[in-house]
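Remarks on the structure that follows.
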Amino acid sequence: MSHTGKEKDWQGLLEFYISSPDYVPTLKRVTVAQWILSSRRDEDGEPGTSELSTDAVNFAGLRFNQRMETFGAGRYEYNGEAYCKFEDVEHFIDGYFYFIGSGGYDKWHQLADRPLDFIAHLEEKGFAGNDDQYTEKIQALYEELEERYEIDLPETQGVRHTVAHGEYTYKIAENYNVSPDKVFRLDRNGSVHYGNDIGVLHTGDILYVLTDHRLPAEPASDPLADLSPCQRDDGGCAGRTHFVIHQTVVGNLTRATVLSRFGGRRNKAHVYILRSGEAVFLWNFTEKLITATKAELPGSYRPIRGRFPDFAIRGKLIHIEVDYEEQGSPNEAQYRTLAQLYVDACRVVERLLTIVPHIEIDRGIRDGHNDPQNFDYNHFYSILTGRGIDIARIPKFSHDRYWGRNIYKIPWDTDTFHFPPILDGNPHS
């Protein structure tokens, strides 16, 4: 039987969805797991047996609202609540992606390389209601599709690629040793564009490269296991050595405002992280001549106490700006994007970069900065650990050097400049 999307049952949904090229290939396995959870009559039941599934062709428990009415979904009353009703499985799938693409799930299309983070994002934004175990339940189903449900749906892995200045689709495909039709762009509305259909690329655009590998049965190994930090006590290793975290106290930057205000300027960061979690690149991590601290400008500044090293600090730092309001805090999307950028930066420079905040780089220089404010270093490190990274191998700023006492959060004129920066202990001692 040829499945055309006009079926209304679970098996028709499964066969049409798996075979169709119109949907995000890297998210198929996890969305099927999600729909299993939502479409069972009870916890031990078979998928597609709930009333919403059989009577409304709604396998995801999608609530009815005005935007779904505009989409063309019908209304189905169930347990005193209004849910979407679809004509067939193709309309359901399109409706599912329209629901998340037009709703408040602003980062979903940037998580196509991380299926479970995609689900966690939906949960964080309220998709699962009060179910605080939603992601964990889907992960369990995700891992037992074959054994429990006899669904042969290996997840094709996608590598996320941030477009650098001057790159084009064919060159990116060549760099990954794949054909251009293995490179795709995912729009927020769920549209997938491959190869020639991707269109014009801009610096900072996110693409995905299909690698056609099954996900490993065991958790992924440390993606930075083959890298080492600078081993010189004076920090004078060739190339980049430090990953510097900054705060831009605007709080409502957009991609357009970042590019218009800061584009082309070398006294700003390599990349800005918006509140949505989007990373807006001004410069690729290969660019060395970016200056965002006073320590990089010995001709204009000098330490009140301490001294600059005999070598130039400029060219050793990668700068990341996180945009949130004065006395605010980064959100979860920003922490997670920052973690990905750290991995990407280390891979680019082929070294474990020392993680340090702006406040520490300029410590001991008059009018030194105090950013990033209210940054939870331990939480950031836990996200890196969750990605399989051996955090003990990474030189990093201690959480207590900022959070130990309130007076630690402000640099003093009596502080001493050091390079490489001191990473732990009382900053005022």
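The values are calculated or read from the model by the stated rules, or taken from the named source; none is laboratory data. Note that the coordinates shown come from a computational prediction; the quantities given were computed from them, not determined experimentally. Heads up, the Cβs are rebuilt from the backbone with ideal geometry, glycines too, and the neighbour counts pull from every protein chain shown.
Observations, loosely collected:
- Only one of the listed residues (Ala392, Ala345) is without any contact (Cβ under 8 Å) to a residue 12 or more places away in the chain and either of a type in the set (S, T, N, Q) or not in a loop (DSSP other than H, G, I, E, B) (or both). That residue is Ala392.
- Criterion (touching a Leu at 6+ places or on another chain (Cβ under 8 Å) and β-branched (Val, Ile, Thr)) met by exactly one of Ile391, Ile365, Ile422: Ile391
- Among the residues examined, Ile365 does not qualify as more than 29 Å from the chain's Cα centre (by Cα) and either polar (S, T, N, Q) or surrounded by fewer than 13 Cβ atoms within 10 Å (Cβ to Cβ) (or both).
- Note on the stretch 129-205: no enclosed helices (runs of 4 or more DSSP H) hold 3 or more residues that are in contact with a strand residue (DSSP E or B) (Cβ under 6 Å, 6 or more places away or on another chain), among the aromatic types (Phe, Trp, Tyr) and surrounded by 17 or more Cβ atoms within 10 Å (Cβ to Cβ).
- Among the residues listed as Glu321, Glu332, Glu287, Glu326, the single one being closer than 29 Å to Thr254 by Cα, without any contact (Cβ under 8 Å) to a residue 60 or more places away in the chain and of a type in the set (Asp, Glu): Glu287
- Among (1) closer than 16 Å to Gly204 by Cβ; (2) buried (at least 23 other Cβ atoms within 10 Å of the Cβ) - the single one Phe243 does not satisfy: (1)
- Pick from the stretch 291-342, criterion of a type in the set (Gly, Ala, Ser) and assigned to a loop (DSSP other than H, G, I, E, B), ranking: surrounded by the fewest Cβ atoms within 10 Å (Cβ to Cβ): Gly299
- Output for the stretch 131-158, where each listed residue is within 15 Å of Leu27 (Cα to Cα) and of a type in the set (Asp, Glu): Glu143, Asp152, Glu155
- Qualifying helices (runs of 4 or more DSSP H) (wholly inside the stretch 43-124; at least 3 residues being at pLDDT 95 or above and within 23 Å of Trp10 (Cβ to Cβ)): 51-56, 89-101
- Checking each residue in the stretch 241-273 for being part of a loop (DSSP other than H, G, I, E, B) and touching a helix residue (DSSP H, G or I) at 6+ places or on another chain (Cβ under 9 Å) picks out Thr241, Val250, Leu253, Lys268, Ala269, His270.
- Pairs are defined by a Cβ separation below 7 Å, a sequence spacing of at least 6 or placement on different chains, a first member in the stretch 404-428 that is among the aliphatic types (A, V, I, L, M), and a second member that is assigned to a loop (DSSP other than H, G, I, E, B); the pairs so defined are Ile407/His428; Ile410/Asn370; Leu423/Pro395; Leu423/Phe397; Leu423/Ser398.
- Scanning the stretch 140-173 for residues that are in contact (Cβ under 8 Å) with a residue 40 or more places away in the chain and either closer than 19 Å to Ser39 by Cβ or of a type in the set (S, T, N, Q) (or both) yields a total of 9.
Table: residues versus (1) farther than 25 Å from Lys125 by Cβ; (2) in contact with a Phe, Trp or Tyr (Cβ under 7 Å, 6 or more places away or on another chain); (3) not basic (Lys, Arg).
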| position | (1), (2), (3) |
| --- | --- |
| Val280 | no, yes, yes |
| Phe285 | yes, no, yes |
| Asp310 | yes, no, yes |
| Lys316 | yes, no, no |
| His319 | yes, no, yes |
| Asp323 | no, yes, yes |
| Ser329 | no, no, yes |
| Ala333 | no, no, yes |
| Arg366 | yes, no, no |
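- Filtered residues of the stretch 159-177 (kept if out of contact with any helix residue (DSSP H, G or I) (no Cβ under 9 Å at 6 or more places or on another chain) and under 24 Å from Leu27 (Cα atoms)): Val159, Asn175, Asn177
- Cβ-Cβ under 9 Å pairs, at least 6 apart or on other chains, the stretch 77-91 side closer than 20 Å to Gly5 by Cβ and of a type in the set (Val, Ile, Thr), far side modelled with pLDDT under 95 and assigned to a strand (DSSP E or B): none
- Residue within the stretch 52-59 that is crowded, with 23+ Cβ neighbours inside 10 Å, in contact with a Leu (Cβ under 6 Å, 6 or more places away or on another chain) and more than 30 Å from Val183 (Cα to Cα) present: yes
- Apart from one condition, Ser221 fits all of (1) outside the structural domain of Tyr168 (by TED's automatic domain parsing); (2) out of contact with any Pro (no Cβ under 6 Å at 6 or more places or on another chain); (3) modelled with pLDDT of 90 or more; (4) not charged (D, E, K, R); the exception is (3).
- Residue within the stretch 209-223 that is closer than 28 Å to Thr169 by Cβ and outside any loop (DSSP other than H, G, I, E, B) present: yes
Each row is one residue, and each column tells you yes or no for (1) among the hydrophobic types (A, V, I, L, M, F, W, C); (2) modelled with pLDDT of 90 or more.
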| position | (1), (2) |
| --- | --- |
| Ile151 | yes, yes |
| Lys182 | no, yes |
| Leu210 | yes, yes |
| Leu215 | yes, no |
| Cys230 | yes, yes |
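- Screening Leu224, Leu122 for residues that are touching a residue at least 12 places away in the same chain (Cβ under 8 Å), over 30 Å from Leu62 (Cα atoms) and out of contact with any His (no Cβ under 9 Å at 6 or more places or on another chain) leaves exactly one candidate, Leu224.
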